[in-house]
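The values are calculated or read from the model by the stated rules, or taken from the named source; none is laboratory data. Keep in mind the model is a prediction, meaning the values are calculated, not measured. Using ideal geometry, Cβ is built from the backbone for each residue, glycine included, and neighbour counts are taken over all protein chains shown. The accessibility values were calculated without ligands, DNA or RNA, using every heavy atom of the protein model including side chains. Shrake-Rupley method; radii C 1.70, N 1.55, O 1.52, S 1.80 Å.
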Amino acid sequence: MTFRLVMVAPAFSRSLREARFDDGAPLEAAGLAAARAAAPALPAADRYLASPTARCRETAAALGVDAHDVAELGALDVGRWRGRTLAEVSAAEPESVGAWLADPAAAPHGGEPVRELCARAAAWLTQATATGGRTLAVVEPEIVRAVVLRALDAPESAFWRIDVPPLTATELSGRSGRWNLRTGRPLGP
């Protein structure tokens, strides 16, 4: 049974503009407008899902999608770094940031290691493939990265090498263990 997954990255927010670890801030007006304009470009799906974060839920609503929150698709827990900018954390804890970026098992912030996020996303993907059909999910960029790594059987060390711009679609089709990948399709007019 073929499974198709379209993952849409959330629209632009203040956190993204400021390179801030997500703090639950709402989308900016420009991000909401861009998501509304992109709505006609969305493919139809059998299921609509979302990361349970403010920016993913707001993006889904602006896209006109009634998405169900899925805990397994939640954002990377960055512990005590939440709400701080990458520049602030890098200045205060350069060794910790370096370790976090270099080692998928590291969690100097006290939150979730990238390795655990990748395992969580891989487990969700395996379970989701059993449903077949088409799923559209508005998910955090780190979920897109983790799912792409799983689909390509790539090492976790490549996690930070995948860029996921706002309001782009990353698509997988196939079966568990054999995937076709299409990345970075911008949504919108």
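A quick yes/no check of all residues on (1) open to solvent by 50 Å² or more (accessible area, probe 1.4 Å); (2) more than 22 Å from Asp22 (Cβ to Cβ); (3) among the β-branched types (Val, Ile, Thr):
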residue: Trp124; (1), (2), (3): no, no, no
residue: Val138; (1), (2), (3): no, no, yes
residue: Pro141; (1), (2), (3): no, no, no
residue: Arg145; (1), (2), (3): no, no, no
residue: Ala154; (1), (2), (3): no, yes, no
residue: Glu171; (1), (2), (3): no, yes, no
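When restricted to residues that are modelled with pLDDT of 90 or more and either among the acidic types (Asp, Glu) or open to solvent by 20 Å² or more (accessible area, probe 1.4 Å) (or both), region 1-10 contains 1. As an exercise: evaluate Glu93 against (1) at pLDDT below 95; (2) of a type outside the set (Val, Ile, Thr); (3) more than 17 Å from the chain's Cα centre (by Cα) and give the number of the one condition it does not meet. It is condition (1) that Glu93 fails. Within region 103-120, residues that are in contact (Cβ under 8 Å) with a residue 40 or more places away in the chain reach partners that are in a helix (DSSP H, G or I) and open to solvent by 50 Å² or more (accessible area, probe 1.4 Å) with beta carbons closer than 8 Å, at six or more positions or on different chains, in the pairs Pro104/Arg115; Pro104/Glu156; Pro104/Ser157; Val114/Glu156; Arg115/Glu156; Cys118/Arg150; Cys118/Glu156; Arg120/Glu72.
Quick one: count up the residues across region 11-24 that are in a loop (DSSP other than H, G, I, E, B) and open to solvent by less than 10 Å² (accessible area, probe 1.4 Å).
Of the residues in that region, 1 qualify.
Here Glu58 fulfils each of the conditions (1) within 18 Å of the chain's Cα centre (by Cα); (2) surrounded by fewer than 17 Cβ atoms within 10 Å (Cβ to Cβ); (3) within 30 Å of Gly174 (Cα to Cα) apart from (2). Is it the case that region 6-17 has a residue that's of a type in the set (D, E, K, R) and over 18 Å from the mean Cα position of the chain (by Cα)? Checked region 6-17: no residue is of a type in the set (D, E, K, R) and over 18 Å from the mean Cα position of the chain (by Cα). Only a single criterion out of (1) open to solvent by less than 60 Å² (accessible area, probe 1.4 Å); (2) among the aliphatic types (A, V, I, L, M); (3) outside any helix (DSSP H, G or I) is not satisfied by Leu181, namely (1). Screening region 83-118 for residues that are assigned to a helix (DSSP H, G or I) and of a type in the set (Asp, Glu) and picking the one that is farthest from Ser157 (Cα to Cα) gives Glu88. Scanning region 26-47 for residues that are buried (at least 17 other Cβ atoms within 10 Å of the Cβ), aliphatic (A, V, I, L, M) and either without any contact (Cβ under 8 Å) to a residue 40 or more places away in the chain or part of a loop (DSSP other than H, G, I, E, B) (or both) returns Leu27, Leu32, Leu42, Ala45.
If a residue has to be small (Gly, Ala, Ser) and either touching a residue at least 60 places away in the same chain (Cβ under 8 Å) or under 12 Å from Val8 (Cβ atoms) (or both) to count, how many in region 48-63 make the cut? Give the derivation first.
Within region 48-63, the subset small (Gly, Ala, Ser) is 50-51, 54, 60-62.
Checking which are either touching a residue at least 60 places away in the same chain (Cβ under 8 Å) or under 12 Å from Val8 (Cβ atoms) (or both) leaves us with 50-51, 60, 62.
Residues in region 48-63 being small (Gly, Ala, Ser) and either touching a residue at least 60 places away in the same chain (Cβ under 8 Å) or under 12 Å from Val8 (Cβ atoms) (or both): 4 in total.
For region 70-82, filtered to residues that are part of a helix (DSSP H, G or I) and not charged (D, E, K, R), the residue that is most open to solvent (accessible area, probe 1.4 Å) is Ala71.
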